[in-house]
Amino acid sequence: MPADRYGMEARSAYIHVPFCRHRCGYCNFTLVSGRDAWIERYLLNLKRELALLKQPRQLDTLYIGGGTPTHLSSNQLDRLLEIVDEWLPREPTSEFTIEANPSDLKDHRKLDVIRQHGVNRISLGVQSLQPRKLDLLERDHTPREVHDVMNAIRPWLRSISLDLIFGTPDETLDEWKSDIFEASLLPVDHVSTYGLTIEKGTSFWKRKHENSLIELDEDTSASCYEYAIDRLSELGFEHYEISSFSRPAHRCQHNEVYWSGKPFFGFGPGAASYTGTRRDMNHRSTSQYFKLMETGGPAVFESETLNQHRRAKERLVIGLRRMEGWNLAHFEDEYGFSVHGLVGPKLKELIRLGYLIETDSTLKLSRAGLMISDSLWTKILAD
Amino acid sequence: MTAIERNNIRNFCIIAHIDHGKSTLADRLLEHTGTITQREMQEQILDDMELERARGITIKARAVAMHCDIDGTRYELNLIDTPGHVDFHYEVSRSLACCEGALLLVDAFQGVEAQTVANVYAAMGHDLAVIPVINKIDLKHQRADEVALEMEQSLGLPMDESIRVSAKTGIGIPDLMSAILKRIPPPEGERDSPLQAMVFDSHYDEFRGVITYVRVMNGTLFKGQKIHFINTGSVHEVLELGQFAPKRRPCEELQAGEVGYVICNIKSLDKVKIGDTISVPGEKSGTALSGYQEPPRMVYCGLYPSDGQDFSELRDALTKLSINDPSFEFEPESSDALGFGFRCGFLGLLHMEIIQQRLEGEADIDLVQTAPNVTYQIMTKMGEILEIHRPQEVPDSGQIAEFRQPIVRVNIVIPEEYVGAVMKLCTERRGVQTGQEYLSPTRVMLTYELPLGDVIYDMHDKLKSNTRGYGTMDYEVIGYQPADLVRMDILVNGNKVDALSVICNRGDADRRGRAVVKKLKEEISRHMFEVAVQAAIGSRVIARETVKALRKNVTAKCYGGDISRKRKLWQKQKEGKKRMKSIGSVDIPQKAFMAVLDTGEAGK
C-alpha cells in the first residue's frame, strides 16, 4: 500500500465543513461561527484539495461532517456536493452520510439537494428532546421540529441516526429516561449517546472554573449510561461500540472503517487521513487551511507514523472499543503480536479483575470494563 | 581613618513589628549621619533586593556602621538589623548579645503587638537600654499618646522617655540621634585582652566566599591574623576585615566594641556557625562566649521525590540549598511507603515553606512532602531518652515510660472584643493561661502555655480568622512536658502507610481520626477498586471511610482524526501524575499527606 496520502487506495472519505450558526457551549470542534462570508472561499479550497487526488476515487463510504454541513445555503450545499460527486463517486450500495442540524432541514430546498446527490444516511444532531437540556446545550431546535423533520426524511433515507447527550449539569436519571423513551418513538435506525465532557477552550469550561456550571456527579452520569445500554438493547438496538447503537444492518459503516484500521481520506480543515501506517492531519484553523491551499497545498499540519509496536497497541485499544472485541488469531496475524505478548502481565491482571473477558478465540470488554474503559486504555498504552 | 574611642561607640538594633517602619527608619538614620546620600539610597535599596533575592527572603541580620560628629567628637553608631520572624529567635538572640541598646519602634496607630512584646523582653533579658520610639506621627489617625501609655503599661517603659518620630518625613530624627548617644551605654571590653568576637551572621559571596559578621567583645582582630572558631574548631587567616558603610569598607583592625566583617577564604556557609566565638589559636586564646547553640530545628518533615523523579537530583538540590542556608538540615531516610527520601529539619514553618519553594522554583524538583511535625521526647522504660523527629520512630506503647512534647509560651495581643473567641481557641488546644493584661482600655495581651504542635501549623491563621486579622502572636519554647500522647496510624486498604502517621493527644484521637480519614477520602481520587482508609491506634481502628471504586471513566467519541489525540490523552494520564506517590496500587497525591494535619475542630 503506498504511504502517500492522496495516492493511496482508500475506499472511504471524510469531508469537514467548518461552519456553524453558533458555537455551542460544550463544543471544541474545528469550526467557525458568524463567518458565512468564508463559505465561498472554503468551496474553492476544498475543490483544490480534492484535485490533489489527480483522479476520481470510487468509495464505499463517504461522510460529510462538521461543524454543520447543512448550515450552508441550498445553493452552496449543491455546489459542495457537486464537487464531491466529481472527485469521490460512489456505487448505489455505498453509504453516504451527512450530518444535519434539525432546524436547517425545515428548508425543503436543502432536503431536495441532499436527496438529489444520493445521500442515503443522515446523522441528526438532536442531542436531547427535553427543552431544559436543549436550552442548556444552546441548541436552536425544538422537540416538535425533530418530529417533523424526521417524518419528512424517513421515506427516502436508508438510515437515520441521532445523537443524544447525557450527563448535562443538573440532569436526573428520569430526564434521561424521557430522552431515551421519546427517541424510541421516532423512526430511527441508529443512536449515538455521548456523556457530556467539559473540554478546555469551551465556554462550559470557563463557567465550570467560575463555579457557575457544575459538572454532573460521576454516579448519576454512570447510571444514565448504563440505562441507555440496557434500554436501547431491549428496544432492539445492538450496542456495537462504546457510544453506538444500531438496528440490525444499520451500523455506521464509515465509522467501522475508523475502528477497524482501514485507510481513509480526509478533506477540509482539521480532517485526518490514514494510509494504514501514517496519519496526516490538516490544519485545524480554517484560515490557515485556506492559506496553505491557496499556496498550492497540501494543508497538512502534522503527520504521525507509528512504529509496529505502538500501532498494534493503538489498534488493540480502538478495536476493544467495539463490543465484539478482538479475534485473537486475527489480531496476531494482522499486527505481528499476540495480545499478551504486546501488553504483558498487566493484561492478565485486567482479565483477572473482570474488566476484560478472554475466551479461546476472543478478547472483549466486560460491562465493568466498559464503564471505566479509559483507565484500561491508560494501563494498556503505558510502556 | 583614626580609630574611634571605645567610649564613642554605640551598638544598637531596632525592634519592630512588621510594617511598623523599621527599614524606613534605618534609611533615615543612614541619611542623617551622611553615611549615604539620597541619591545613593536608591542604589542601596536595589543592592539589598539583590541580596534578598539571593537568600530567598530577609531572614538574617545585617550591620551598618555610621559616623557623626557632635561638638567636635566623632561617634560611631553600629546598627545591627535583626530578623523579625518568630522562626529566627536564635539569630535574634545572638544579634541582641552584640548590642548595648535597642530602639523599640511602634506604629503610632497600630500600637504594641505581640511580636514587639516578645522582642522587648528578649532585649531586656540581654540588659539592653531600650529607647521607645513612636513612629508615623505624621499620620492623620495617629494615637501617639495612647500608644505611649500602652508601652508604659505593658512594657514598663516610661511615657516621657518615648521619642516621637516620622521616619517618612524625618520629624524627630535629631532627637532620636541624641537619645541614642545619651541613653545607650558605650561597649565594654578591653582591646588588650585575649580576642573574643561573636559571630552574629554570615552570608555567601560568590567571589569572596563566606563573609562573617562579627562583634569584637575583647581584644583586637587584624588583617593577616590567624583566627580560631572555637565551637567549630577551624583555624583560618584573616584576608580582609572591615565595616559595612553600608558597602564593605576594609580597614586594618577591629577593636573591642566594634562591629564589622571578616573574610577568610571559607567556601561553605556551614563552616561558620552563628553564635560561635572567634579567638586566636594556641595559648593566648580567649574562652568561648556563652549562648552558643546549634540552630534549633523546630519542625521536621520528609521530602521525597515524586513518582518518576530521581532521588539523586533531590539530594543534589538539597546540598546546594544548604550551602546558602546552614540552618536547614537534612539526612537520608527511607519510608516503607515512600521509598528513599530525606528527613529535613527547619527553624520553623516559614523556614520550611521557603526551602520547599526554593526547591521547586530553583531546582524544578517535583516533591512529595510529608506533614510537618515537631520534635517529641520519649523516655523508655529502660530510662533512655529518645528524640522523635518523625512519628514512625515512636516505639511500642509498652516500652514508653513517658511521652513528652515541647511547650511554648504564647503572647497574643488582640482587641478586647475577641478575648472570648481566642480563649476558646486556646482552651480547645489544651492551653494553660498564665497571664492577661490590658495594654490599653481596648487592647489585651493574653499569655498561654500551649503545646508547640498545636501552635505551629495553623494557630496564626486561626487567630487571624478569629480576630478579623487584628490579633498578633509570638511564642518561645520553654521546655518539654509529659502528655498523654499516642501515635495514630493510617491504613490504606489495610496497609499501614508510615508516612501518614501522626502523633496526637489521646483525648483528641477519635475526633482527629475521623477528620483525617474524611479528608483523605476527599483527596484520594477514585480507583478501579474500592479504597478503604482507616485510622488506628495500635491495632484498634478508630475511624474508617471508603473511596468508592471508579464508576465511569469513558471517552464517548473516537473517530477518524481524533484517534491519535485520544490515544495521546490516555497515554498521558500515567505520566501526568505530578506530586503523587503510588502506595500499593493506590495513588496518593501530595495534598493527602497534609490531610493528617486536620484537627477536626469545629468551624472548619
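The values are calculated or read from the model by the stated rules, or taken from the named source; none is laboratory data. Quick caveat, the model's predicted, so the values are computed rather than measured. Neighbour counts are summed over all protein chains in view; Cβ atoms, including those assigned to glycine, are modelled from backbone coordinates with ideal geometry. The accessibility values were calculated without ligands, DNA or RNA, using every heavy atom of the protein model including side chains. Shrake-Rupley method; radii C 1.70, N 1.55, O 1.52, S 1.80 Å.
Specify which of the listed residues (B:GLU146, B:GLU150) is over 17 Å from B:THR82 (Cα atoms), in contact with a Lys or Arg (Cβ under 8 Å, 6 or more places away or on another chain), in a helix (DSSP H, G or I) and of a type outside the set (Gly, Ala, Ser). Matching residue, one of B:GLU146, B:GLU150: B:GLU150.
To keep it simple, each residue is scored yes or no on (1) in a loop (DSSP other than H, G, I, E, B); (2) small (Gly, Ala, Ser); (3) within 23 Å of B:HIS20 (Cβ to Cβ).
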residue	(1), (2), (3)
B:ASP175	no, no, yes
B:HIS203	no, no, no
B:VAL214	no, no, no
B:LEU221	no, no, no
B:ASN231	yes, no, no
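Look at region B:228-269 and say how many of its residues are of a type outside the set (Gly, Ala, Ser) and farther than 20 Å from B:ARG62 by Cβ. Number satisfying all stated conditions: 15.
All conditions but one from (1) among the hydroxyl-bearing types (Ser, Thr, Tyr); (2) open to solvent by less than 10 Å² (accessible area, probe 1.4 Å); (3) within 11 Å of another protein chain (Cβ to nearest Cβ) apply to A:TYR240; the one that does not is (3). Taking region B:547-571, which residues are closer than 25 Å to A:TYR227 by Cβ and either of a type in the set (Lys, Arg) or open to solvent by 30 Å² or more (accessible area, probe 1.4 Å) (or both)? Hits for region B:547-571 are B:LYS548, B:ALA549, B:LEU550, B:ARG551, B:LYS552, B:ASN553, B:LYS557, B:TYR559, B:LYS566. Residues in region A:106-135 that are open to solvent by 40 Å² or more (accessible area, probe 1.4 Å) and touching a Ser or Thr at 6+ places or on another chain (Cβ under 6 Å): A:ARG109 only. Picking from residues in region B:158-171 that are assigned to a loop (DSSP other than H, G, I, E, B) and surrounded by 20 or more Cβ atoms within 10 Å (Cβ to Cβ), the one that is nearest to the chain's Cα centre (by Cα) is B:ALA167. Checking the conditions here, which among A:GLU349, A:GLU332 is out of contact with any Lys or Arg (no Cβ under 7 Å at 6 or more places or on another chain) and modelled with pLDDT under 95? So the residue among A:GLU349, A:GLU332 that is out of contact with any Lys or Arg (no Cβ under 7 Å at 6 or more places or on another chain) and modelled with pLDDT under 95 is A:GLU349. Residue-level analysis places B:GLU206 among those that are acidic (Asp, Glu), outside the structural domain of B:ILE412 (by TED's automatic domain parsing) and surrounded by fewer than 20 Cβ atoms within 10 Å (Cβ to Cβ). Which members of region B:469-488 meet the condition of being exposed (fewer than 14 other Cβ atoms within 10 Å of the Cβ), among the small types (Gly, Ala, Ser) and touching a residue at least 12 places away in the same chain (Cβ under 8 Å)? Selection gives B:GLY479 alone. Counted as qualifying within region A:248-355 are the strands (runs of 3 or more DSSP E) with 2 or more residues that are surrounded by fewer than 21 Cβ atoms within 10 Å (Cβ to Cβ), more than 9 Å from every other protein chain (Cβ to nearest Cβ) and hydroxyl-bearing (Ser, Thr, Tyr), namely A:300-305. The condition (being crowded, with 19+ Cβ neighbours inside 10 Å, in contact with a helix residue (DSSP H, G or I) (Cβ under 8 Å, 6 or more places away or on another chain) and in a helix (DSSP H, G or I)) is satisfied by just one residue among B:LEU350, B:LEU321, B:LEU303: B:LEU321.
So is B:GLY600 more than 14 Å from chain A (Cβ to nearest Cβ), open to solvent by 20 Å² or more (accessible area, probe 1.4 Å) and assigned to a loop (DSSP other than H, G, I, E, B) or not? Judged against the criteria, B:GLY600 is a match.
Only one of the numbered conditions (1) of a type in the set (S, T, N, Q); (2) part of a helix (DSSP H, G or I); (3) out of contact with any Phe, Trp or Tyr (no Cβ under 8 Å at 6 or more places or on another chain) is violated by B:GLN110, and that is (2).
The set of residues in region B:447-499 that are closer than 22 Å to B:GLY513 by Cα, part of a strand (DSSP E or B) and in contact with a helix residue (DSSP H, G or I) (Cβ under 6 Å, 6 or more places away or on another chain) comprises B:VAL486, B:ARG487, B:MET488, B:ILE490.
Candidates in region A:193-229 are the residues that are in a loop (DSSP other than H, G, I, E, B) and facing chain B (nearest Cβ under 10 Å); of these, the one that is nearest to A:GLN127 (Cα to Cα) is A:LEU196.
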